[in-house]
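Enquirer: Got a structure for you, questions after.
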Amino acid sequence: MKKLSALMLASALALSLVACGGGGEPNPPVQDTPSNAVENPPASEKMIPGSYAPVGLVSGTGYEVNENGSYDHGEEKGTYTAAEDGSLTFQSKDGGSSTLTAFGEYYHTAVQMAEDTEYGLAPSFDESGHSNQTFQTEADATSLTLELHEDGSYVFSYSKTSPVFDKFSDIVTYEGSYALEDAVLNLSYNDNHYPLLVADDAIYPIVYVKKTDTNSADVEAAQAAILTAETESAQDRWWTPADETTAATVTAALVGTWEYSDGYGNYQLTFSETGVSVHMDFMGMSALNSSGTYSIQNGAILLEYKSQSGGYTIINHRAVPYTYTDGSLAIYEMLDMMNEEGLLDATADLTAISSYQYQKTN
């Protein structure tokens, strides 16, 4: 009986040793950690106040985060809160909010490219960090397109809707090589690097970084290259802003009421120094009576006004070609459709496209 008890005690002891690893090294637990996971230090370890600048291929306005809990974002002002991981949520004093999500040393907005245009697949990269997918998304009335080629080259473009014709846009295009490292997709352009972030099965194209003494020079150089590219693209527009002297001179001659008739309708524009009234009659019946704003460009006056259609409010953008010669102003038929050549050629004679000329009545 004593032998049986001893054997049972020995067996229990052996099982106990096995459960404890038998004195050997324990097997580490398997962790299912995404390859693009990025550790963020807690907010308490970050100096939150400072300047946060956009560093992607899309220009934007930076955030000035102040020590008293307020922030400035261009003309927008309000308060902010910081999450434990350093993400920042901005609450505008005029309503609305936005968030910069912390991602390593970077921050990204909610804008993402989650599905490619061909199959609707999430972003994927091979062992060399290359892809062969195209993505598109919208951000603040801007259309973004990213083409990733398997040879390591890319084409990134974005277009902003023309302020006159919704049908045509200003397009800025960048080309170069790219490299994926630690979930940061670096696009090279003009000797600068522009990060996009890869996380949660999506690419985040709108990226910010907090400026420091170490990175300020690189951030400013990258931003300068973007502004240069945008300026060059703007020069290809068919319209360009008039200088202050020209704008003031044309505005002074423009103030008053202008009319023309094409036999079916009567068209009337009344300009003040700051706004415009648009009135149209067709076959003796009022078809439009609205008001809006205008701006003076070289060769065209750009109008923006509202109209109603089917219970919906529509924002109209139109161009009124003009000439100003020897102190005499002539304005021509309001344009709402033009051929592509006329729109893209900055030297196009817009007055040649118009069939009628307004007459000033007072």
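Enquirer: Each label point is 7 Å from the Cα along the Cα-to-Cβ direction; what then is the distance between the points at residue 245 and residue 138, in nm?
Expert: About 4.3 nm separates the two model spin labels.
Enquirer: Would you rank 244, 259 by solvent-accessible area, highest first, keeping every protein chain in place and using a 1.4 Å probe?
Expert: From most exposed to least exposed: 244, 259.
Enquirer: Using 0.36 nm per residue, how much length does the chain from residue 224 to residue 273 gain when fully extended, once their Cα-Cα distance is taken away?
Expert: 14.1 nm
Enquirer: Just to confirm the filter: which chymotrypsin sites (Phe, Trp or Tyr not before Pro) across region 220-269 are DSSP coil and have at most 13 other Cβ within 10 angstrom of their Cβ?
Expert: Passing both the DSSP loop test and the Cβ count: 264.
Enquirer: Keeping all protein chains in position, work out how much accessible area residue 282 exposes to a 1.4 Å probe, and write it in Å² to the nearest 10.
Expert: Accessible surface of residue 282 is approximately 90 Å².
Enquirer: Using a Förster radius of 56 Å, what is the FRET efficiency between residue 81 and residue 349 based on their Cβ-Cβ separation? Nearest 0.05, please. Don't skip to the end; give the middle numbers.
Expert: Numbers: r = 55 Å, r/R0 = 0.99.
Plugging the Cβ-Cβ distance into 1/(1 + (r/R0)^6) gives 0.50.
Enquirer: Would you tally the net charge around residue 253, using a Cβ to Cβ cut-off of less than 13 Å, leaving residue 253 out, and scoring K and R as +1, D and E as -1?
Expert: Here the charged neighbours net out to -1.
The values are calculated or read from the model by the stated rules, or taken from the named source; none is laboratory data. If you're wondering where the values come from, they're calculated on a predicted model, not measured in any experiment. Positions of Cβ are generated from backbone atoms using ideal geometry, with glycine treated the same way; all protein chains shown enter the neighbour counts. All accessible areas refer to the heavy atoms of the entire protein, side chains included, with ligands and DNA or RNA removed. Shrake-Rupley method; radii C 1.70, N 1.55, O 1.52, S 1.80 Å.
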